[in-house]
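Enquirer: Let me begin by handing over the structure; questions about it come next.
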């Protein structure tokens, strides 16, 4: 059974927020510390900001915010959280500020227990299909020490086009990747 990837709605805000929190802790606790992760998630994934981002993407042809739902067979038990039943992952893209031919993949996260399940690939495929008529390329940044993220993007045809410092913690770098659409 194929996972459903659909336009996010403001009803998805808490599921997106919790997916971000779980994913960030799994990917970044060892790199920047759990406290910093909580601070970043509370700042970058504030409920009001997420509502605005989802609403904005819904109203524009050059932006997207999608969630991927689990298949019915993926419900492990009656105790699965409502968040997990609504959202295994999400992706968000907007135009790159300096180049209107480039889409900026702002965020793509999947619940850690579903990493490797194909949910991230489905999100990325839907995003690329949705954006290909509006953009030539898609660009993103991922922490250089995030081996899972780096491997994911490279395995999906993204090429590293740069390295830059990140403001998350001293000494951390992020890779910039691009892919033609």
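Enquirer: Which of 47, 54, 32 has the fewest other C-beta atoms within 10 Å, and how do the rest follow up to the most? Could the numbers behind the result be given before it?
Expert: Working: 47 13, 54 24, 32 19.
The fewest-first ordering by Cβ neighbours comes to 47, 32, 54.
Enquirer: If you don't mind, another one. Would you mind ranking 17, 25, 92 by Cβ crowding within 10 Å, fewest neighbours first?
Expert: Lowest to highest Cβ neighbour count: 25, 17, 92.
Enquirer: Let me make sure I get this right: for the stretch 1-75, a, b and c are the square roots of the gyration tensor eigenvalues over alpha carbons, sorted descending. Under 1.5 in a/c it's rounded, otherwise prolate if a/b > b/c, else oblate. Which is it? Intermediate results must be reported in sequence, preceding the final value.
Expert: Numbers: a/c = 2.46, a/b = 1.27, b/c = 1.93.
Oblate.
Enquirer: Related question: Kindly put 102, 68, 161, 5 in sequence by how many other C-beta atoms sit within 10 Å of each C-beta, fewest to most. Working shown, then result.
Expert: Values: 102 16, 68 25, 161 12, 5 22.
Ranked by crowding around the Cβ, least crowded first: 161, 102, 5, 68.
Enquirer: If you project the alpha carbons of the chain onto the principal axes, what extent comes out on each, in Å, largest first?
Expert: Answer, in whole Å and largest first: 45, 39, 32 Å.
Enquirer: Just the Kirkwood number for the stretch 111-175, please: inverse of mean 1/r across all distinct Cα pairs, in Å, one decimal.
Expert: Values: mean 1/r = 0.0750 Å⁻¹.
Its Kirkwood hydrodynamic radius stands at 13.3 Å.
Enquirer: For the stretch 5-136, what relative contact order do you get, as a whole percent, if you take Cα pairs closer than 8 Å and at least 6 residues apart? Let's see the in-between values first.
Expert: On the way: 193 pairs, mean separation 37.2, N = 132.
In percent, rounded to a whole number, it is 28.
Enquirer: Starting from the 7 Å offset along Cα-to-Cβ, what nm value, one decimal, do you get for the label separation of residue 113 and residue 49?
Expert: 2.8 nm
Only the coordinates and a few stated rules stand behind these numbers; no lab work does. Being a predicted model, the structure only gives us computed values, none of them experimental. FYI the Cβ positions are ideal-geometry reconstructions off the backbone, even for glycines, and counts take in every protein chain you see.
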